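Colleague: Here's a structure for you.
The values are calculated or read from the model by the stated rules, or taken from the named source; none is laboratory data. These numbers were taken from a predicted model, which means no experiment stands behind them. We place every Cβ from the backbone using ideal geometry, glycine too, and count neighbours over all the protein chains shown. Side chains included, ligands, DNA and RNA excluded: accessible areas come from the protein's heavy atoms. Shrake-Rupley method; radii C 1.70, N 1.55, O 1.52, S 1.80 Å.
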Amino acid sequence: MGENPLLEVDYVITNYSENTLLETLEKLTIKDIQIIPKQKSVGLFGKRGVDGMIKVLTR
């Protein structure tokens, strides 16, 4: 996992400012979270997925 992974919240890619991932996640009411490794995220999203991906479902 890199410093700025893609963030998917409720099936929508969500933008956040660089190096603010933890602050962004703290604002969510998380029901489920999945870490998608770099290899799979690059396969799905090309170079956008180079830092991996975090998938979040909220309540």
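Colleague: Quick one: net charge around D10, please, counting Lys, Arg +1 and Asp, Glu -1 for every other residue with C-beta under 14 Å from its C-beta.
Modeller: After counting each charged neighbour, the total is +2.
Colleague: Hey, another quick one. With an 8 Å Cα cut-off and a minimum separation of 6 or more residues, compute the relative contact order for the chain in percent.
Modeller: Relative CO of the chain lands at 49 percent.
Colleague: Another question, if that's okay. Sorting L7, L57 by accessible area (1.4 Å probe), largest first, what list results?
Modeller: Largest accessible area first, the list is L57, L7.
Colleague: Test of understanding: extend the Cα→C-beta vector of Q39 to 7 Å, then name every residue of the range 1-19 with backbone N under 20 Å from that spot.
Modeller: Correct set: 1-3, 5-6.
Colleague: Cross-link partners among lysines for K47, C-alpha distance below 24 Å, same-chain residues fewer than 8 apart left out?
Modeller: K38, K55
Colleague: If you don't mind, another one. Under the Kirkwood approximation for Rh and a Cα-based Rg, what ratio Rg/Rh is obtained for the chain?
Modeller: Taking Rg over the Kirkwood Rh, I get 0.94.
Colleague: Using modelled amide H (1.01 Å from N, peptide plane; none on Pro or chain starts), what sits under 5 Å from the amide H of I54, excluding residues fewer than 5 places away?
Modeller: Correct list: L6, L7, E8, I36.
Colleague: To check you understand DSSP bridge types, tell me what percent of the beta bridges within the chain (both residues inside) are antiparallel, rounded to 5.
Modeller: Counting only bridges with both partners in the chain, antiparallel ones make up about 70 percent.
Colleague: A further question on this structure: How charged is the neighbourhood of L57? Take every other residue with its Cβ under 9 Å from the Cβ of L57, and add Lys/Arg as +1 and Asp/Glu as -1.
Modeller: +1
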